[in-house]
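Here's the structure we're looking at; comments come further down.
The values are calculated or read from the model by the stated rules, or taken from the named source; none is laboratory data. Model, not experiment: these values are computed from the prediction. Here the Cβ positions follow ideal geometry from the backbone for every residue, glycine too, while neighbour counts run over all protein chains shown.
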Amino acid sequence: MTFKARLLSIIFFAAFLVMAVVFYITYISLDFTENRFSEAAVRGKSVLWQKIIQVQLDQMESASSNITRDRDLLKALQQLKPEAVQEAAITSFNRLSSSQLISRLQIADNTGNIVFSSPNEFSGLTSKSLVKKAILE
């Protein structure tokens with residue numbers, strides 16, 4: 001192999017090595033940038049969903065007085081009259097669902113039995129941990 005051929009081989013190998021290093025650094029840099037933007041997008045969406053949830057909870061909390069102040073419903077719950085609970089609760093459900101504050105409503109008694117459920121009919125003991133927690137309080 002002549003000196004000229006060796007020199008061209010070394011130059012070609014060095015150029016190839018430099019090109020490989022530049023491609024690798026570019027790949028790492030691009031991956032780092034994509035991860036940063038991805039994390040920022042996820043963080044932004046998380047904040048957005050938290051705000052949406054908070055607004056919905058605030059609206060539901062302000063509308064909850066429609067149920068807690070309904071004397072007929074409270075009286076029917078205290079007297080354990082399922083028919084009266086149905087009659088009183090359906091009015092509150094219709095009012096709240098028409099204003100799009102709720103899409104479903106279930107009312108349970110002190111033992112955890114569902115006494116009103118709308119739009120789907122359900123009765124019996126609930127397995128929802130939130131109801132059980134509320135009963136214990």
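Of the residues making up region 6-61, those that are under 24 Å from residue 96 (Cα atoms), of a type in the set (A, V, I, L, M) and either out of contact with any Leu (no Cβ under 8 Å at 6 or more places or on another chain) or without any contact (Cβ under 8 Å) to a residue 40 or more places away in the chain (or both) are 52, 53, 55, 57. Of everything in region 78-107 that is surrounded by 14 or more Cβ atoms within 10 Å (Cβ to Cβ) and closer than 19 Å to residue 130 by Cα, the residue that is nearest to the chain's Cα centre (by Cα) is 102.
Within region 110-137, the residues that satisfy the criterion of being surrounded by 17 or more Cβ atoms within 10 Å (Cβ to Cβ) and modelled with pLDDT of 75 or more are 114, 115, 116, 117, 118.
Kindly indicate whether residue 69 is among the basic types (Lys, Arg) and farther than 25 Å from residue 99 by Cα. The answer is no for residue 69. Counting only helices (runs of 4 or more DSSP H) wholly contained in region 1-98, the ones carrying 2 or more residues that are out of contact with any strand residue (DSSP E or B) (no Cβ under 8 Å at 6 or more places or on another chain) and among the hydroxyl-bearing types (Ser, Thr, Tyr) occupy 3-63, 65-68, 82-98. Inspect all residues belonging to region 53-64 and state whether any of them is at pLDDT below 75 and either at positive phi or not charged (D, E, K, R) (or both). There is at least one residue in region 53-64 that is at pLDDT below 75 and either at positive phi or not charged (D, E, K, R) (or both). Inspect region 62-81 for any residue being touching a residue at least 40 places away in the same chain (Cβ under 8 Å) and over 24 Å from residue 136 (Cα atoms) and give the result as yes or no. Within region 62-81 (the criterion being touching a residue at least 40 places away in the same chain (Cβ under 8 Å) and over 24 Å from residue 136 (Cα atoms)), the answer is no, since none of the residues qualifies.
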